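Presented below is the structure to which this report refers.
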There are 2 protein chains.
Amino acid sequence: MMDKEEHLFEVFENLIRIKNECSCTIFSECGLSDMTVKQIAYLKAIDEQREVTFSRLAEITRNSKPTITEMINKFVRMECVYRERCPDDGRILYIRLTDKGKKIAHAEHNAMRRVIEQMVNSLDEHEMDLLIGILQKVR
Amino acid sequence: MMDKEEHLFEVFENLIRIKNECSCTIFSECGLSDMTVKQIAYLKAIDEQREVTFSRLAEITRNSKPTITEMINKFVRMECVYRERCPDDGRILYIRLTDKGKKIAHAEHNAMRRVIEQMVNSLDEHEMDLLIGILQKVR
DNA sequence: TTATGATTAGGTATAACCTAACTAACGAAG
DNA sequence: CTTCGTTAGTTAGGTTATACCTAATCATAA
């Protein structure tokens with residue numbers, strides 16, 4: 001049994017490697033290999049909220065509003081987000097992700113997609129069913 | 001087919017989630033949730049080399065020697081590494097990982113192991129064979 | 001006119017790097 | 001066996017950038 005565990009380990013290492021390669025490709029496609037984990041987390045936070053304002057983001061991330069302004073200015077320089085004024089209330093600005101911002105926020109997700117696509121290409125329908133059946137059992 | 005892809009995606013998301021939970025557990029077991037990606041990469045570099053010295057690490061990481069001294073002092077404060085003088089040449093110091101340092105360097109690896117262990121517990125031998133057979137086909 | 005949302009100004013702390021100068025230890029030459 | 005050049009690591013001191021903050025200001029809404 002130990003032997004099988006080892007084998008399974010190698011197989012999964014391989015899959016994770018493929019996934020990481022995909023993430024890296026996506027990040028370098030955006031020309032942002034040096035982005036910090038925190039920055040990516042912030043972009044994700046912006047993505048998850050809809051219609052997020054500066055005050056709201058300050059609340060969520062537990063930072064002061066000037067910190068958020070600074071952060072957003074940086075993201076604007078990086079072309080990841082833009083400001084959109086609320087049509088009903090001129091004081092409010094929404095923070096929106098650009099295509100590039102979305103790409104980064106979804107990078108992990110998309111890397112996963114690419115690996116799955118590779119699977120779909122490598123496996124037949126029967127194997128897919130088997131795989132789904134087996135992996136569903138793991139909790 | 002689209003439907004199966006979606007299904008497979010969910011199944012894998014679940015596995016990755018389990019793995020990430022494991023990594024987080026391992027990091028917080030070390031009381032170091034705020035470690036940077038770079039620091040972990042450096043610990044891994046120390047782990048991969050054997051008998052690594054300050055000069056060698058400066059070479060590998062393309063930093064100056066004072067930078068390495070500073071970095072190692074920090075890791076010593078974090079109780080991740082210690083210095084060991086070379087018995088044959090008093091000028092040379094080896095950088096060694098403590099148990100905590102090793103734990104961090106191997107965190108990803110160990111998280112993977114835990115997930116595999118969960119698989120081994122959830123699946124019978126036949127299912128394991130099937131799984132290995134199927135996943136090996138993905139390249 | 002007061003409250004609210006965002007920005008600006010100005011400041012602090014720390015990280016992550018650097019060069020130059022120093023100390024300790026080795027090893028070969030005289 | 002001393003001395004001198006070399007090597008390994010450290011210290012001192014500096015730079016630059018990041019990531020935060022408070023207080024004050026500006027624009028808009030109610």
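Every number here is computed from the coordinates shown, using simple stated rules; none is lab data. No experiment lies behind these values; they were computed from the predicted model shown. Quick reminder, even Gly has a Cβ in these numbers, built from the backbone with ideal geometry, and neighbours come from all protein chains shown.
When each copy gets a label point 7 Å from Cα toward the beta-carbon at B:GLU51, what are the spacings between them in nm, shortest first?
In ascending order, 6.7 nm.
Can you give the angle from 0 to 90° between the axis of helix A:37-48 and the longest principal axis of chain A, with both taken from C-alpha atoms, to the nearest 10?
With rounding to tens, the tilt is 80 degrees.
Using the alpha-carbon atoms, what tilt in degrees (0 to 90, nearest 10) does helix B:2-29 show relative to the longest principal axis of chain B?
The angle comes out near 30 degrees.
Report, in debye and to the nearest 20, how large the dipole of the protein assembly as shown comes out about its Cα centre when Lys and Arg carry +1 and Asp and Glu carry -1 on their Cβ.
Numbers: 44 positive and 48 negative charges, 360 e Å.
Taking the Cα centre of the protein assembly as shown as origin, the dipole is about 1720 debye.
Hey, what's the per residue convex hull volume over the C-alpha atoms of the range A:12-136, in cubic angstrom? Walk me through the numbers before you get to the answer.
Details: hull volume 18.6 nm³, N = 125.
Spread over its residues, the Cα hull of the range A:12-136 gives 149 Å³ apiece.
By how many degrees, between 0 and 90 and to the nearest 10, does the Cα long axis of helix A:107-122 differ from the longest principal axis of chain A?
30
Taking R0 as 35 Å, what FRET efficiency do you get between A:GLU84 and A:ARG17 from their Cβ-Cβ distance, rounded to the nearest 0.05?
My answer for the efficiency is 0.35.
Let me know the mean shielding of A:122-133 by other chains, meaning the per-residue number of their Cβ atoms within 10 Å of its Cβ. Each step should come with its number before you reach the end.
Numbers: counts 6, 6, 1, 2, 1, 5, 6, 3, 5, 11, 6, 4.
Average neighbour count from other chains, rounded to a whole number: 5.
Could you estimate the translational diffusion coefficient of the range B:35-99 from the Stokes-Einstein equation, with Rh from the Kirkwood formula over C-alpha pairs, at 37 °C and 0.692 mPa s, in whole µm²/s?
On the way: Rh = 11.9 Å.
Approximately 277 µm²/s, per Stokes-Einstein.
Mean-square fluctuation check for chain B, GNM, Cα pairs under 10 Å: which of B:ASN110, B:ASN20, B:ASN121 is largest?
Highest fluctuation among the options: B:ASN121.
Which residue fluctuates most in the GNM of chain B (Cα springs below 10 Å): B:LEU15, B:LEU97, B:LEU123?
Sorting by GNM fluctuation, first place goes to B:LEU123.
Would the protein assembly as shown count as rounded, prolate or oblate if I go by the C-alpha gyration tensor, calling it rounded below 1.5 in a/c and otherwise prolate when a/b exceeds b/c, oblate otherwise?
Values: a/c = 2.17, a/b = 1.03, b/c = 2.10.
Oblate, because a/c is 1.5 or more while a/b does not exceed b/c.
Measuring from a point 7 Å out along Cα→Cβ, what nm distances, shortest first, does A:ARG96 have to its partners in the other copies?
5.9
Relative contact order for chain A: what is it in percent, counting Cα pairs under 8 Å that are at least 6 residues apart? Could the numbers behind the result be given before it?
Numbers: 104 pairs, mean separation 39.6, N = 139.
Relative contact order of chain A: 29 percent.
Okay, helix-only estimate at 222 nm for the protein assembly as shown: each DSSP H run of n ≥ 4 adds -39500 (n - 2.57), divide by all residues, round to 500 deg cm²/dmol; what do you get?
Working: 14 runs with 192 residues, N = 278.
Value at 222 nm, helices only, nearest 500: -22000 deg cm²/dmol.
Holding the Cα-Cα limit at 30 Å, pick out from B:LYS65/B:LYS100; A:LYS19/B:LYS74; A:LYS102/B:LYS100 the pairs that are longer than that.
Working: B:LYS65/B:LYS100 24 Å; A:LYS19/B:LYS74 32 Å; A:LYS102/B:LYS100 37 Å.
Correct reply: A:LYS19/B:LYS74; A:LYS102/B:LYS100.
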